[in-house]
Amino acid sequence: MTIRRATAADVDPIVAMLADDPLGAQRETPGDPAYLKAFEVIDADPHQFLAVADARGEVVGTLQLTFTSGLSRLGMTRATVEAVRVRSDQRGNGLGEQLVRWAIDEARTRGCGLVQLTTDASRVDAHRFYERLGFTASHVGMKLSL
């Protein structure tokens, strides 16, 4: 299994993983051309890395890593991990941990001083997973739908 930058050909398998859970099933629409447009924006941005886990030519996992420069903490760059998914037939074999550890290593390589993420309040298993990897619930996340 290798972790690599996603290509346009990976968009459909990524969206299938995003839609393959109770939350994603309510908000994703596989096959919509909007996903390819979004991919083009992500792919063109040097502060974004849409990663896929590739096992023998099949996309079996994904995450998005965003690098944010800021003035606080002496100008520290932060890495934000988003949309971590593992294909349903690959869950439970350590692939999710491998993806997140890769993201942490990539953040270090790029000089980040912090890795952050949000996870839906209903994803109790995910909370335990991230805590096991050393993440702490240090902030309260808020959203405003537009």
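The values are calculated or read from the model by the stated rules, or taken from the named source; none is laboratory data. Remember, predicted model here, so these are calculated numbers, not experimental data. Counting neighbours? That spans all protein chains shown, and the Cβs are built from the backbone with ideal geometry, glycine included. The accessibility values were calculated without ligands, DNA or RNA, using every heavy atom of the protein model including side chains. Shrake-Rupley method; radii C 1.70, N 1.55, O 1.52, S 1.80 Å.
For region 59-146, what % of the accessible area comes from carbon and sulfur atoms, probe 1.4 Å?
Carbon and sulfur: 52 percent of the exposed surface of region 59-146.
Please compute the length gained on full extension between residue 131 and residue 110, using 0.36 nm multiplied by the number of residues separating them and subtracting their Cα-Cα distance.
Here the answer is 5.2 nm.
What accessible surface, in Å², does a 1.4 Å probe find on residue 97, ignoring ligands, DNA and RNA and rounding to the nearest 10?
Counting only protein heavy atoms, the figure is 50 Å².
Among all helices in the chain defined by DSSP H, which have a length of 15 Å or more along the axis from Cα atoms plus a Kyte-Doolittle mean of at least 0.5?
Passing helices, by number: 34-44.
So how much slack lies between residue 77 and residue 40, counting 0.36 nm per residue of separation and subtracting their Cα-Cα distance, in nm?
Full extension from residue 77 to residue 40 adds 11.0 nm.
What is the local net charge at residue 21, summed over the other residues whose Cβ is closer than 12 Å to its Cβ (Lys, Arg +1; Asp, Glu -1)?
+1
Once volume of the Cα convex hull per residue in Å³ is worked out from the coordinates, which option in (1) 99; (2) 183; (3) 134 does it equal?
(3)
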